[in-house]
Amino acid sequence: MVPAGARRGLGIGELCLDSGGFWGRRQEVNAAATLRHCHDWMDRLGWIANFDRVAAGRTGGRRPGWQFSDSEVYKLLEALAWESGRSADPSAESMWHALVERVAAAQDEDGYLNTCYGHPGQEDRYADLSSGHELYCFGHLFQAAVARLRTHGPDRLTDVARRAADHVCAQFGPQARDGICGHPEVEMGLAELGRALAEPRYTEQARLFIERRGHGSLSAIPLLGPAYFQDDVPVRQARVLRGHAVRALYLAAGAVDVAVDTGDRDLQAAVEQQWAATIERRTYITGGMGSRHQDEGFGDDWELPADRAYCETCAGIASVMLSWRLQLATDDVRYADVIERTYYNVIAASPRSDGRAFFYANPLQQREPGTEVLPDAVNPRAEGGVRAPWFDVSCCPTNVARTLAVWQTYAATIEQSGSQVLLTIAQYAAGEVRAVLDDGQTVTVRVQTRYPDGGHVRVEVVDVPAAVQLSIRLRVPQWAEGTNLTTADGGERAAEPGWLTVPGALAAGDKVSLQLPMSPRVTVPDPRIDAVRGTVAVERGPLVLCLESVDLPDGAALEQVRLLPAAPVDAAGDGAVAHVQIAALPPTQPGALPLHQLPTSPRNGEPSAPEAADQSATVTLVPYHRWAERGPSTMRIFLPTT
Ligand SMILES: [Zn+2]
């Protein structure tokens, strides 16, 4: 048996994706376009130059950007570190060094680093913990430093981060200021830095921030209340995630880090329970989280309207970060299922295919084609419909950049106990695993697949050190009823959803393959979600499909479409073809309320015949992640049935 805690994710260099696959292609676009795009926007808006002004002592006057704009520079740094580690891209490397110089030059003598507060002409440090985001920015600085440590080892940003973390501990330690940040993030950053540098003081500071939260110490923002920043209930007493979705998820992720590193089983169990309740009742079919626009927050249980879904891209990213920590901590396959769903249907949906425009909100239904986007200007953040190059609050583009760059680090885990090695492949893409064992030897395994275009996944053991007993475990997704496994000896057997351990110890040359069912499937939402009752969604493999107005017959509108539930939905391209009825709509009367009496019930429960004006048609459903790529359109995931 493998001892607890021995499970780890692969480093970015231990799984090399083939180019051209679903994620390989996105990583190439991210490297070639998105990183530079983010850099140039922040350069143009003066967000990077804010660091130069602090370094030069010229901080009076108007400062461009929100108070948290430093964090976008740090998230770009994190993306650059991962990308340089993944591909050794020289342009990512030179951008990293140039940015780190400018950031480092802005650090104060005592380790404080922020371009908005604490310098001549600025507000005092920590004068507004509710909204100032200073500790939040530190959290992203720490994560950028950790990305560099994990890919290249210590460098200049390590020193910057260490000095900043020491400053935070001095200012907010047990004998110091009893404060927390309105936007969680520093907890996760400190815990990660503490782990990467083997510095328990940082983990302890993260623990303090988590324990202090939930006692109403932050000054409330009008109309929002303490739940907005999870200051209503202590983390270990909360039953479900609530308030601002990104904040809630970052806090929960930091709590898992602390729980794992301090052996706090109660804290971990509390977050596991919050995750389960949130997934069951407060999460969209896409994996999106947050149904309220007003506070970018979770709604009540079952409050999941498709058209008013907020589903901020960053909340999807934060959800993956939380699920990943819980997957490592518990080995529960459900976390890997949610990571897959969210990566394909929230994170992949955000960037346009050229990597230079992004969705901030990810609604599941668009009633009017998006037209408001400014193609070469800063856009207001919220509404969906058209991807925008940059936002006033531009958290999502840099978050997408750092998250696309690390897809493979979520794909597999390895556990070692003496000569026993268990390699778990949880997410599928073509590529090569070269996992480094404790003694420096490597296990090499090749994965061949066209997933998610196809459901065949072939795993071949290329090399295993002589003394190693290698086991391989594969994930059969929760949706994949009817999966088959072909074992190394050619035997075939059915595989249930969950973890699937390939029988026997595997040797070089052994091949196993999984056949996942990729036919479109119709999914009925829980009847307690009032907003989509009477509708169905169509999914195919890990992809949620949608219907766009550009795929409708001439003259038809999206609200006329009714899916014929008895007719087959067939695979087509990367989507599906569905048989639908284009229903005649009830006549409208200007000035009358849109209320209609039910028609008299037909006898014996027989469905009424379609109206004479109804027409049947076949329509193409496309993956949700690429909706609005063909120009502005209306769109819906949940389709009413006849
Ligand atoms: Zn965001």
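The values are calculated or read from the model by the stated rules, or taken from the named source; none is laboratory data. A quick note: this is a predicted structure, and the numbers were derived from the prediction, not measured. FYI the Cβ positions are ideal-geometry reconstructions off the backbone, even for glycines, and counts take in every protein chain you see.
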Query raised in the report: Taking Arg341, is it away from the ligand (no atom under 15 Å from the Cβ) and within 29 Å of Gly21 (Cα to Cα)?
Result: yes
Requested in this report: State whether one or more residues within segment 378-390 are more than 18 Å from Gly631 (Cβ to Cβ) and surrounded by 20 or more Cβ atoms within 10 Å (Cβ to Cβ).
Outcome: yes
Report task. Output the number of the condition that Glu372 fails; it satisfies all remaining conditions of (1) within 13 Å of the ligand (Cβ to nearest atom); (2) touching an Asp or Glu at 6+ places or on another chain (Cβ under 8 Å). Result -> (1)
Query raised in the report: Among the residues of segment 135-151, is there at least one that is assigned to a helix (DSSP H, G or I), more than 21 Å from Thr403 (Cα to Cα), of a type outside the set (Val, Ile, Thr) and in contact with a Cys (Cβ under 7 Å, 6 or more places away or on another chain)?
Result: yes
Requested in this report: Check whether at least one residue in segment 396-403 is over 29 Å from Pro497 (Cα atoms), assigned to a loop (DSSP other than H, G, I, E, B) and among the β-branched types (Val, Ile, Thr), and report yes or no.
Outcome: no
Requested in this report: Among residues belonging to segment 241-274 that are assigned to a loop (DSSP other than H, G, I, E, B) and of a type outside the set (Gly, Ala, Ser), point out the one that is farthest from His183 (Cα to Cα).
Outcome: Asp264
Report task. Check Leu241, Leu218, Leu249 and return the single one that is under 21 Å from Cys395 (Cβ atoms), within 16 Å of the ligand (Cβ to nearest atom) and modelled with pLDDT of 95 or more. Result -> Leu249
Requested in this report: Quick one: in segment 298-330, of everything that is within 13 Å of the ligand (Cβ to nearest atom) and among the small types (Gly, Ala, Ser), which residue is nearest to the chain's Cα centre (by Cα)?
Outcome: Gly316
Report summary line: Residue set Ala361, Ala349, Ala401, Ala388; condition touching a residue at least 24 places away in the same chain (Cβ under 8 Å), farther than 20 Å from Ala318 by Cα and within 16 Å of the ligand (Cβ to nearest atom); output residue Ala388
Query raised in the report: Considering Glu109, Glu83, Glu101, which residue is acidic (Asp, Glu) and in a loop (DSSP other than H, G, I, E, B)?
Result: Glu109
**Report entry** Per-region count, segment 303-351, residues of a type in the set (A, V, I, L, M, F, W, C) and not in a helix (DSSP H, G or I)
**Finding:** 6
Query - Matching residues, segment 364-385, being free of Cβ contacts under 8 Å to residues at least 24 places away in the same chain and either of a type outside the set (S, T, N, Q) or in contact with a helix residue (DSSP H, G or I) (Cβ under 6 Å, 6 or more places away or on another chain) (or both) - result: Glu372, Val373, Leu374, Pro375, Asp376, Ala377, Pro380, Arg381, Glu383
Report summary line: Selection from segment 11-28 of residues part of a helix (DSSP H, G or I), closer than 18 Å to Leu543 by Cβ and out of contact with any Leu (no Cβ under 7 Å at 6 or more places or on another chain) yields Phe22, Arg25
Query - Residue, nearest to the ligand (Cβ to nearest atom), within segment 404-417, restricted to residues that are in contact with a strand residue (DSSP E or B) (Cβ under 9 Å, 6 or more places away or on another chain) and farther than 23 Å from Leu80 by Cα - result: Thr413
Query raised in the report: Which members of segment 195-240 meet the condition of being of a type in the set (D, E, K, R), part of a loop (DSSP other than H, G, I, E, B) and under 26 Å from Trp302 (Cα atoms)?
Result: Asp231, Asp232, Arg239
Requested in this report: Pick out, from segment 475-517, the strands (runs of 3 or more DSSP E) lying fully within it that include 2 or more residues that are surrounded by 15 or more Cβ atoms within 10 Å (Cβ to Cβ).
Outcome: 483-486, 498-501, 511-515
Report task. Could you pull out the residue among Thr409, Thr424, Thr413 that is under 17 Å from the mean Cα position of the chain (by Cα), modelled with pLDDT of 95 or more and among the β-branched types (Val, Ile, Thr)? Result -> Thr409
Query raised in the report: For Ala377, all conditions in the list (1) away from the ligand (no atom under 16 Å from the Cβ); (2) at pLDDT 95 or above hold save one; what is the number of the exception?
Result: (2)
